[in-house]
Amino acid sequence: MKRYRWNLLAPDDETVQALTEAINVSQPVARALCNRGVTTFDAARDYFRSSIEHIPSPFLMQQMQRAVDRVLEAVRMHEKIMIYGDYDVDGTTGTAMLFLFLKEQGAEVTWYINDRFTEGYGLSAEGIDTALGRQVSLVITVDCGIRANREIKRCGELGIDVIVCDHHEPDELPTAYAILNPKVPGSTYPFRELCGCGVAFKLLQAIAGDSGADDESWQKYLDFVAIATAADMVALEQENRTLVREGLKRMRVKPRGTFKALFSLMKVASSELGMFHIAFGIAPRINAAGRMGSAHLAMEWLVSESMDDSVRHAGELDRMNALRREIDSDIMTKAEKMVESHFASYCSSIVLYDESWHLGVLGIVASKMLEKHYLPTVILGSMNGFIKGSVRSIEGFNIYEALQECSAYLEQFGGHHQAAGVILRPENLAGFRKKFNEVCAASLSIEQQQKALAVDALLPLEEITPNFINVLAQFAPLGYGNREPLFMSRELQLFGTPRLLSKRHVKFSVRDSAGRIFDVIGFDRPDIFDQLSTQTRPVFVMLYSVEKRMWNNREQIQIRLRDLELCNKLKS
């Protein structure tokens, strides 16, 4: 039985044929490109061959010149500058990047990152007091500040100018000295999906250009931007795609010592670095610092001045991440036991609470529960007499609007359509759980409760050639907004006997009409092993991606299974 809804995309046939001929690719590749909005020769050239020279000028962003002039004045006059960042990957990398760059320009610069648990998100009273104590006259925010109206007003009253580098949606704009955000009303910047570090990078680029510094002075920080962009789940389109590709290239060819220390612990060669290693290796270790203790640990690693310091701090991050994994695994185990009884009363949502659960990992657990059960999910812990937690939503269901309908039971909530945070009183938990489930039940169709997979094209196995694989490899970097191409093949027959690896992963082989055998691996799909093992010569339809892998120093093609449906028999 297939796990997902299958949505076979259908781009215009004439457009597909024209693109096939224009760039000399197969129809399945052309369909995959059209499904990503790449429909012409010029669009394909930009998609496959974009370069750092073609990214937009930073001065297209409103108030950029004003921000640059203020920073350069602060450097000339030896004013004290503080970079104020969020505690996640986006905020810490952007803060470290600006700190290191301004330090190279001769600035008197320090940094500040909030404590996740005592200060929360955004500019805090403690942070402003710290700036005052350090005699700071210019604060530059990274990945926060666009909604800190009260705090920025207080800074102004204290004689502290604030430049906001943020990418979140604004409400009423704060009275900052300058606001750099491609999402402000009337923005003239041509790309609005930069992350916070990406916005800070545009400031850095503009300062370098205005002060006559060479391109390397700002381009050498593309590695920071690549990590932040990949980790923050912003769309990997247009400028972001270029920034990540160029940043990855730098990390592969000449990684800075900071990252070398972490790559060694991750047991990955810099030359093999990819999006997977950022998403599941670098980003979790940076985030673990803020989740389990203090993001200051991540900052100390990012701005390390010696290899010894880099190695020591990387080891601390690695140990922190191991602890984080252990804790969220324990919470997941308990949550899975709790959800069984929860479904007896509530079948349209998941709301689970345990006062012992660590607040730093609740978002991770919520995301994992969502992936497994595909229902709007709230995972809650306890803090200072209140219940606090993280909310995650399924595609097409606006969780922020759902929480608005439950606001009578909430002390505080905030977020966006896919993720949010909530605070409530213990006596309101039962009422919130009931109301939240009612809102979800009223809004969600049965179809919405099954995750959909977008399929790019039908693909006969015979068309999987080395050239086909090489073209697919150029779709990278892959991620949010530029998903991995997914294909469908019909009337496939099992070749040999399927195997179950580590009691979780299914592995089997299929054969094409020319007799070529393809290995297929399906991670966390023991259900498919059960299906194939109980059938005699099963025939099936398969959804999958295609990738290259190295085995015994030989390059091989591997099919990575996403879903499968058994058929009755082969069509004659």
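The values are calculated or read from the model by the stated rules, or taken from the named source; none is laboratory data. This is a predicted model, so every value here is computed, not measured. So basically every Cβ, Gly included, is an ideal-geometry build from the backbone, and we count neighbours across all protein chains shown. What goes into the accessible areas is simple: the full protein's heavy atoms, side chains included, and nothing from ligands, DNA or RNA. Shrake-Rupley method; radii C 1.70, N 1.55, O 1.52, S 1.80 Å.
What the table below lists for this structure:
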item	result
Matching residues in the stretch 217-249 - criterion: being assigned to a helix (DSSP H, G or I) and more than 20 Å from the chain's Cα centre (by Cα)	Ser217, Trp218, Gln219
Enumeration of residues in the stretch 376-391 that are at negative phi and either surrounded by fewer than 24 Cβ atoms within 10 Å (Cβ to Cβ) or of a type in the set (S, T, N, Q) (or both)	Thr377, Gly381, Ser382, Met383, Phe386, Ile387, Lys388, Ser390
Close pairs (6 angstrom Cβ cut-off, 6 or more residues apart or separate chains): more than 16 Å from Cys34 (Cα to Cα) in the stretch 472-484, surrounded by fewer than 16 Cβ atoms within 10 Å (Cβ to Cβ) anywhere	Tyr480/Met233
Selection status of Ala314, assigned to a helix (DSSP H, G or I), open to solvent by less than 40 Å² (accessible area, probe 1.4 Å), of a type outside the set (Phe, Trp, Tyr) and closer than 19 Å to Phe201 by Cα	no
Qualifying residue in the stretch 456-467 (condition: outside any helix (DSSP H, G or I), more than 23 Å from the chain's Cα centre (by Cα) and not assigned by the TED database to the domain that holds Met542)	no
Residues satisfying the stated conditions in the stretch 470-482, i.e. of a type outside the set (Ser, Thr, Tyr) and open to solvent by 10 Å² or more (accessible area, probe 1.4 Å)	Asn470, Val471, Leu472, Ala473, Gln474, Ala476, Leu478, Gly479, Gly481
Given (1) of a type in the set (Val, Ile, Thr); (2) surrounded by 22 or more Cβ atoms within 10 Å (Cβ to Cβ); (3) modelled with pLDDT of 95 or more, number of the condition Val234 does not satisfy	(3)
Segments classed as strands (runs of 3 or more DSSP E), wholly inside the stretch 483-572, with at least 2 members that are farther than 28 Å from Gln27 by Cβ and open to solvent by 70 Å² or more (accessible area, probe 1.4 Å)	487-501, 539-551
Selection within the stretch 91-150 - of a type in the set (Asp, Glu) and touching a residue at least 24 places away in the same chain (Cβ under 8 Å)	Glu104, Glu108, Asp115, Asp143
Some residue of the stretch 351-360 being open to solvent by 10 Å² or more (accessible area, probe 1.4 Å), acidic (Asp, Glu) and assigned by the TED database to the domain that holds Glu395	yes
